[in-house]
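Trainee: Got a structure for you, questions after.
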Amino acid sequence: MKRRSFLGGALGAALLSPAAQAAGLKPLGAPRAFDAAWLRQRARALAAGSWRAPAAQVPDSVAALGFDEYQAIRFRDEHALWADDPALLFHVKLFHLGMFFKRPVQIYEVAGGQAQELAYDPALFDYGSSHLDAGMLPQDLGYAGFRVNFHTAPQQDVAAFLGASYFRAVGGTRQYGLSARGLAVDTAVARDEEFPDFVEFYIERPAAGAATLVVHALLDSPSISGAYRFAITPGDTLVMDVDATLYPRTAIERLGLAPCTSMYQTGENDRRMAYDWRPEIHDSDGLAMHTGAGEWIWRPLVNPPQLRFNAFADDHPRGFGLLQRDRDFDHYQDDGVFYERRPSLWVEPTAGWGKGTVDLIEIPTRDETFDNIVAFWEPAQKARPGDELRLGYRLHWGSDPLPSRPPLARCVATRTGLGGVVGQPRRVFSWRFAVDFAGGSFALLDPGARVEAVITATRGTVEITSARPLASVQGWRAMFDVVPPDDGAEPIGLRLYLRADGQALTETWVYEWTPPPAAQRRQALAGVALFPMLEERPRRPA
């Protein structure tokens, strides 16, 4: 080690917080003055120059780690940031590089207006059965990200930032599920998607007893740079207040703000890939939206045979999110990963977002190891080089995270299957939709109230419609068939809500159904299963 480097490290050691030093964390380089304005200027300066691909390469032994080997690497609890300060309610633990996470990120502690980088040290980790030799690892290897623990359950994560600009959080169920991202760039366009990275994190040392942790992040990619501030407050619904300032480096065709990423393989409305012993497999079962005009919309998710893109136009949206509404263990039967406990994620703009679209991308997947659902806000005005884009929003993570309860009944189940009348020959192919609603003002309805299903379809014919009480959910069920107009596979858009005396009783259910090919329709009419079992089954992850 050069003498100048050693002196820089010695100076930094004096400026790490006492709790960080006590935990065995070491400084790297000299401290620097830090605040949010400085980080914005750094992002602006990056965007003004050419993008530089990361030069750091991880050793082959680290790059080759498999899933089980990577999971075997544990950060030692006694070295967590602030572990030795009982007045602080948060601990921060660091992720090792390996598997999918091969780009080092710089992680700083911020205390007293000074940011001090945390040095990598193999002694901070227990390498378990990973087969890595700590003595052979470079001393400047770096970290992949970090996780946050709260004093109420010090061994349980409340949030984690790991991989590109991905991060996750949990509410009262203490169960990870879907992810959020800092930004989505050119998702579902006719070229490879770009994944911006959080390349630097600045974690503010909280005040004694403070229940909110503030994290700053620097984002960079070939197309854009940005500065982020996250204020993380754990609870039964964990809340993150996010402020972001973005600086496009190049023109961007599709800029996705506040992206949510989830998984949907199979459920009660879409059994195309229902070959597993478990009835349903998904982290989220629908996209919910609260429009600027005040309409509440529910769009059940599907696992389509081809990539599917939907855009829902809006002006100053009030919120959207990917939700897991089905909380019944019996519907999943998975006692290993507990899909009924997966958190929902609601995005609430805290400043007017103007005109744009909530975009939903659904990608085919054979199994649950692939996150195939993406939802985000796409501004109507395209991002241009030299712009400064500022936005604020609040993320709510939990089993029921909406900050305000809709006054209308909500959709609690969507089921689909072959249409027609039981016991009568099916001469025309049709598809049945049974949509259940609960809550709202159903309890106030007189027994003889006339409730009607208001249904529209972009193509085809709607028939055999009904709306009737459903005691099992203390709500109502709407049911109808759709007959495609031809043998084509053009999607059919559907909208449904229930009303009484001209007043809406439910949120608006929307759906996109793609009729099967003509040959499959003939098979269905002849009594042959529409979606036969697949011969090859994917391996269930550990």
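The values are calculated or read from the model by the stated rules, or taken from the named source; none is laboratory data. Predicted model, so just to flag it, every value in this text is computed and none were measured. Here the Cβ is made from the backbone with ideal geometry for all residues, glycine too, and neighbour counts use every protein chain on show. Surface areas here come from the heavy atoms of the whole protein model, side chains and all, with no ligands, DNA or RNA. Shrake-Rupley method; radii C 1.70, N 1.55, O 1.52, S 1.80 Å.
Trainee: I'm checking my understanding of the structure. Among residues of the range 355-395 that are of a type in the set (Gly, Ala, Ser) and at pLDDT 95 or above, which one is farthest from residue 274 (Cα to Cα)?
Mentor: Initially, the range 355-395 is screened for residues of a type in the set (Gly, Ala, Ser), giving 356, 375, 380, 383, 386, 392.
Among the residues that remain, those that are also at pLDDT 95 or above are: 356, 375, 380, 392.
On the way: 356: 35, 375: 24, 380: 38, 392: 40 Å.
Restricting to residues being of a type in the set (Gly, Ala, Ser) and at pLDDT 95 or above, the top hit is 392.
Trainee: Return yes when residue 44 is in contact (Cβ under 8 Å) with a residue 60 or more places away in the chain, open to solvent by 30 Å² or more (accessible area, probe 1.4 Å), under 27 Å from residue 227 (Cα atoms) and touching a Ser or Thr at 6+ places or on another chain (Cβ under 9 Å) and no when it is not. Don't jump to the end; show me each part of the working.
Mentor: On the way: in contact (Cβ under 8 Å) with a residue 60 or more places away in the chain: yes; open to solvent by 30 Å² or more (accessible area, probe 1.4 Å): yes; under 27 Å from residue 227 (Cα atoms): yes; touching a Ser or Thr at 6+ places or on another chain (Cβ under 9 Å): yes.
So residue 44 passes the test.
Trainee: Could you give me the residue pairs with C-beta distances under 8 Å whose first residue belongs to the range 85-100 and is in contact (Cβ under 8 Å) with a residue 60 or more places away in the chain and hydrophobic (A, V, I, L, M, F, W, C), whose second residue is open to solvent by 30 Å² or more (accessible area, probe 1.4 Å) and not in a loop (DSSP other than H, G, I, E, B) wherever it lies, and which are 6+ apart or on separate chains?
Mentor: Listed pairs, sorted by first residue: 92/147; 95/101; 95/147; 95/162.
Trainee: Related question: Conditions: (1) surrounded by fewer than 20 Cβ atoms within 10 Å (Cβ to Cβ); (2) within 30 Å of residue 358 (Cβ to Cβ); (3) of a type in the set (Ser, Thr, Tyr); (4) at pLDDT 95 or above. Residue 441 meets all but one. Number of the miss?
Mentor: All conditions are met except number (4).
Trainee: So residue 326 passes all but one of these: (1) surrounded by 23 or more Cβ atoms within 10 Å (Cβ to Cβ); (2) touching a helix residue (DSSP H, G or I) at 6+ places or on another chain (Cβ under 9 Å); (3) not aromatic (Phe, Trp, Tyr). Which condition number does it fail?
Mentor: (1)
Trainee: Among the numbered criteria (1) at pLDDT 95 or above; (2) within 30 Å of residue 262 (Cβ to Cβ), which single criterion is violated by residue 205?
Mentor: Of the numbered conditions (1) at pLDDT 95 or above; (2) within 30 Å of residue 262 (Cβ to Cβ), the odd one out for residue 205 is (2).
Trainee: Which one is farthest from residue 354 (Cα to Cα) among residues in the range 382-398 that are open to solvent by 20 Å² or more (accessible area, probe 1.4 Å) and part of a strand (DSSP E or B)? Talk me through it step by step, then tell me what you get.
Mentor: So the first thing to find is which residues in the range 382-398 are open to solvent by 20 Å² or more (accessible area, probe 1.4 Å), and the list is 382, 384-391, 394.
Next, from what is left, pick out any that are part of a strand (DSSP E or B): 389-391, 394.
On the way: 389: 13, 390: 12, 391: 11, 394: 16 Å.
So, considering only residues that are open to solvent by 20 Å² or more (accessible area, probe 1.4 Å) and part of a strand (DSSP E or B), the one farthest from residue 354 (Cα to Cα) is 394.
Trainee: Quick check on my filter: what residues within the range 191-205 are in a loop (DSSP other than H, G, I, E, B) and open to solvent by less than 10 Å² (accessible area, probe 1.4 Å)?
Mentor: To start, the set of residues in the range 191-205 that are in a loop (DSSP other than H, G, I, E, B) comprises 191-193, 195-196, 205.
Once the filter is applied, which keeps residues that are in a loop (DSSP other than H, G, I, E, B) and open to solvent by less than 10 Å² (accessible area, probe 1.4 Å), the range 191-205 yields only 196.
Trainee: Return yes when residue 125 is farther than 17 Å from residue 73 by Cβ and not β-branched (Val, Ile, Thr) and no when it is not.
Mentor: Working: farther than 17 Å from residue 73 by Cβ: no; not β-branched (Val, Ile, Thr): yes.
No, not satisfied.
Trainee: Also: Could you tell me which numbered condition residue 404 fails, if it satisfies all but one of (1) within 30 Å of residue 238 (Cβ to Cβ); (2) surrounded by 13 or more Cβ atoms within 10 Å (Cβ to Cβ)?
Mentor: (2)
Trainee: Further question on the same structure: Could you list, in sequence order, all residues of the range 281-297 that are open to solvent by less than 10 Å² (accessible area, probe 1.4 Å) and not in a loop (DSSP other than H, G, I, E, B)?
Mentor: Correct list: 281, 282, 286, 287, 288, 289.
Trainee: Might you check whether a residue that is touching a strand residue (DSSP E or B) at 6+ places or on another chain (Cβ under 7 Å), open to solvent by less than 20 Å² (accessible area, probe 1.4 Å) and assigned to a loop (DSSP other than H, G, I, E, B) occurs anywhere in the range 79-91? Working first, answer last.
Mentor: Going through the range 79-91, the residues touching a strand residue (DSSP E or B) at 6+ places or on another chain (Cβ under 7 Å) turn out to be 80-83, 89-91.
Right, trim to open to solvent by less than 20 Å² (accessible area, probe 1.4 Å) and you get 80-82, 90.
With assigned to a loop (DSSP other than H, G, I, E, B) added as a condition, the list becomes 80, 82.
Checking the range 79-91: at least one residue is touching a strand residue (DSSP E or B) at 6+ places or on another chain (Cβ under 7 Å), open to solvent by less than 20 Å² (accessible area, probe 1.4 Å) and assigned to a loop (DSSP other than H, G, I, E, B).
Trainee: Regarding residue 465, is this residue open to solvent by 60 Å² or more (accessible area, probe 1.4 Å) and among the polar types (S, T, N, Q)?
Mentor: Working: open to solvent by 60 Å² or more (accessible area, probe 1.4 Å): yes; among the polar types (S, T, N, Q): yes.
Criteria met by residue 465.
Trainee: While we're looking at this one, here's another question. Could you please find all residues in the range 108-161 being open to solvent by less than 60 Å² (accessible area, probe 1.4 Å), β-branched (Val, Ile, Thr) and farther than 15 Å from residue 94 by Cα?
Mentor: Matches in the range 108-161: 110 only.
Trainee: In the range 267-280, which residues are surrounded by 23 or more Cβ atoms within 10 Å (Cβ to Cβ) and either in a strand (DSSP E or B) or hydroxyl-bearing (Ser, Thr, Tyr) (or both)? Working first, answer last.
Mentor: Taking the range 267-280 first, the residues surrounded by 23 or more Cβ atoms within 10 Å (Cβ to Cβ) are 267, 270, 280.
Selection gives 267, 270.
Trainee: Only one of these is open to solvent by less than 40 Å² (accessible area, probe 1.4 Å) and out of contact with any Gly (no Cβ under 8 Å at 6 or more places or on another chain): 336, 354. Name it. If you could, list the steps in order and put the result at the bottom.
Mentor: Working: 336 fails: open to solvent by less than 40 Å² (accessible area, probe 1.4 Å).
Checking each option against the conditions leaves just 354.
Trainee: Condition first: among the small types (Gly, Ala, Ser) and either touching a residue at least 12 places away in the same chain (Cβ under 8 Å) or assigned to a helix (DSSP H, G or I) (or both). Now tell me which residues in the range 51-74 satisfy that.
Mentor: Restricting attention to the range 51-74, the residues satisfying the condition of being among the small types (Gly, Ala, Ser) are 53, 55-56, 61, 63-64, 66, 72.
Passing the criteria: 56, 61, 63, 66, 72.
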